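J.: I'd like to ask some things about the structure below.
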Amino acid sequence: ALLENFEDVPETIQSELYNIVYSAEFGQFGGRPFSVIIGNYDFGPSAPDMRLLQQIAAVSSISHAPFIAAASPDFFDIDNFSGLTRIRDLSAIYEQPRFAKWCSFRESEDARYIGLTLPGFLLRTPWESDVDGAFNYQERYHKNQVGGLWGNCAFAFATRLLDSFSQYRWCLNISGAEDGKVAGLHMTSKTNSHRSIIPARVLISDRRESELVKHGFIPLSVRKGSDTAAFYSAQSVQSVNVFADTEEGRAATLNHLLGAQFPYLFIVSRLSHYLKMMQRENIGGWKTRLDIDKELNNWLRQYVSDMDNPTPAVRARRPLRKAQVKIREVEGKSGWYLIKLVVVPHLKYMGESFSLNETGKLDLA
């Protein structure tokens, strides 16, 4: 139905999703911007799925609201995720012609707003006859199936976003052994009627997890023999551009790499929401480019702490080491300005600092 709606309108901005996410909230005075969209979808590499992802990515990019859904087994040329461990060369799969649209989509700028998780996770264990006779029901399923109720992994990832936001007001601490840990999962030991069931559809090795991340997926990894699972990465589907082997080129490659990871994208997206709302609320109040520049940079300083090693409490309130808004007039368009947001998080990658950039327009007419 969502794809049909996109295809029934001549432009993305006339779609129902755009109306709900952008027009009714982010683009509306007094609206409350969406931070993220969680989709109960399993996407594959088919042409219809790619068309839908492209349309959703366009809406997410305009609205600065990343879209998180799930990857289907078809992305790996298998019928179910149990076959994931038997794949010898994951990279070779994506050299097939049927994955051409997927590879092309990954190279697009909007692709950084799309996240695909895997595999499914266990919502409840299979129903069994109660030993005390209080609930005499035996759940039956095909011998080749795993019993219980399984859910879309995007919702497991959403719990990490909610937890981080509730603690820090940023969706920043969402991956790793602690911040990425998904609580309340289920598992069963082997009984007379059921095989042993782990909290996810498949146990993913460290090597396979690294390969999945490289190819743009967000895997849920289970600790063997336990009900503990976590997201150790939060990578968007966007492929990484490699620039020239110079100091500037290496810095550009690093910035592009980290700009495609959700912890950093959520920082920039949230700041973009606030800047848009400030622009709307100050229409007629800002007279010159210098007025805009001063107002926005003064506001931005409340999230900056220029310290080498801030405490976790300070870092939670002020996640940025440096931040600057740059305003430039649009030639030939009175009342229009280009705005460039440049932030340097306290986080480092392989010991190196990095900057994140976002560009947009301000209309003060």
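J.: Taking the range 301-340, which residues are in contact with a helix residue (DSSP H, G or I) (Cβ under 6 Å, 6 or more places away or on another chain) and either assigned to a loop (DSSP other than H, G, I, E, B) or of a type in the set (Val, Ile, Thr) (or both)?
T.: Ser305, Arg318, Val325, Ile327
J.: Now for a separate question. Picking from Leu122, Leu90, Leu84, Leu118, which residue would you name as being in contact (Cβ under 8 Å) with a residue 40 or more places away in the chain and touching an Asp or Glu at 6+ places or on another chain (Cβ under 6 Å)?
T.: The unique qualifying residue is Leu90.
J.: Let me ask something else. Can you spot a residue in the range 30-45 that is in the same structural domain as Leu118 (by TED's automatic domain parsing), modelled with pLDDT of 95 or more, more than 22 Å from Arg160 (Cβ to Cβ) and surrounded by 15 or more Cβ atoms within 10 Å (Cβ to Cβ)?
T.: Yes, that holds for at least one residue.
J.: A follow-up question, please. If you go through the range 256-269, how many residues are surrounded by fewer than 19 Cβ atoms within 10 Å (Cβ to Cβ) and closer than 20 Å to Ile339 by Cα?
T.: 2
J.: Quick check on this structure: which one of Pro119, Pro126 is at pLDDT below 95, within 30 Å of Ser205 (Cβ to Cβ), over 22 Å from the mean Cα position of the chain (by Cα) and buried (at least 19 other Cβ atoms within 10 Å of the Cβ)? Break it down stepwise before answering.
T.: Numbers: Pro119 fails: over 22 Å from the mean Cα position of the chain (by Cα).
Selected residue: Pro126, the only one of Pro119, Pro126 that is at pLDDT below 95, within 30 Å of Ser205 (Cβ to Cβ), over 22 Å from the mean Cα position of the chain (by Cα) and buried (at least 19 other Cβ atoms within 10 Å of the Cβ).
J.: Just checking, does the range 13-20 include any residue being β-branched (Val, Ile, Thr), at pLDDT 95 or above and either surrounded by 17 or more Cβ atoms within 10 Å (Cβ to Cβ) or in contact with a Gly (Cβ under 8 Å, 6 or more places away or on another chain) (or both)? Give the steps one after another, and end with the answer.
T.: Applying the first criterion (β-branched (Val, Ile, Thr)) to the range 13-20 yields 13, 20.
Of the ones still in play, those that are also at pLDDT 95 or above are 20.
Checking which are either surrounded by 17 or more Cβ atoms within 10 Å (Cβ to Cβ) or in contact with a Gly (Cβ under 8 Å, 6 or more places away or on another chain) (or both) leaves us with none.
No, the range 13-20 contains no residue that is β-branched (Val, Ile, Thr), at pLDDT 95 or above and either surrounded by 17 or more Cβ atoms within 10 Å (Cβ to Cβ) or in contact with a Gly (Cβ under 8 Å, 6 or more places away or on another chain) (or both).
J.: Within the bounds of the range 35-57, is there any residue that is within 21 Å of His273 (Cβ to Cβ) and in a helix (DSSP H, G or I)? Spell out how you get there, then give the answer.
T.: Initial filter on the range 35-57 (within 21 Å of His273 (Cβ to Cβ)): 35-39, 56-57.
If we keep only those that are in a helix (DSSP H, G or I) as well, we get 56-57.
For the range 35-57, residues within 21 Å of His273 (Cβ to Cβ) and in a helix (DSSP H, G or I): present.
J.: Moving on to the next point. Among the numbered conditions (1) among the small types (Gly, Ala, Ser); (2) at pLDDT 85 or above; (3) more than 18 Å from the chain's Cα centre (by Cα), tell me where Ser164 comes up short.
T.: Failing condition for Ser164: (3).
J.: Find the residue count for the range 209-236, including only residues that are over 23 Å from Pro66 (Cβ atoms) and at pLDDT 95 or above.
T.: Restricting attention to the range 209-236, the residues satisfying the condition of being over 23 Å from Pro66 (Cβ atoms) are 222-228.
Applying the additional criterion that residues be at pLDDT 95 or above yields none.
The qualifying residues number 0.
J.: Within the range 129-145, can one find any residue that is crowded, with 18+ Cβ neighbours inside 10 Å and either modelled with pLDDT of 95 or more or part of a loop (DSSP other than H, G, I, E, B) (or both)? Let's see the steps before the verdict.
T.: Kept after step one, since they are crowded, with 18+ Cβ neighbours inside 10 Å, are these residues of the range 129-145: none.
Taking every residue of the range 129-145 in turn, none turns out to be crowded, with 18+ Cβ neighbours inside 10 Å and either modelled with pLDDT of 95 or more or part of a loop (DSSP other than H, G, I, E, B) (or both).
J.: In addition: Which residue pairs have Cβ atoms under 8 Å apart, sit 6 or more places apart or on different chains, and have a first residue in the range 148-160 that is under 12 Å from Leu185 (Cβ atoms) and outside any helix (DSSP H, G or I) and a second that is β-branched (Val, Ile, Thr) and modelled with pLDDT under 95?
T.: From residues that are under 12 Å from Leu185 (Cβ atoms) and outside any helix (DSSP H, G or I), the pairs are Gly148/Thr125; Gly148/Thr188; Gly148/Ile197.
J.: So how many residues does the range 1-34 have that are hydrophobic (A, V, I, L, M, F, W, C) and in a loop (DSSP other than H, G, I, E, B)? Step through it out loud before you land on a result.
T.: Going residue by residue through the range 1-34, those that are hydrophobic (A, V, I, L, M, F, W, C) are 1-3, 6, 9, 13, 17, 20-21, 24, 26, 29, 34.
Add one more test, that the residue is in a loop (DSSP other than H, G, I, E, B), and what stays is 1, 9, 29, 34.
Total meeting the criteria: 4.
The values are calculated or read from the model by the stated rules, or taken from the named source; none is laboratory data. From a predicted model like this one, the values you see are computed outputs, not experimental measurements. With ideal geometry, Cβ positions are generated from the backbone for all residues, glycine too; neighbour counts draw on all protein chains shown.
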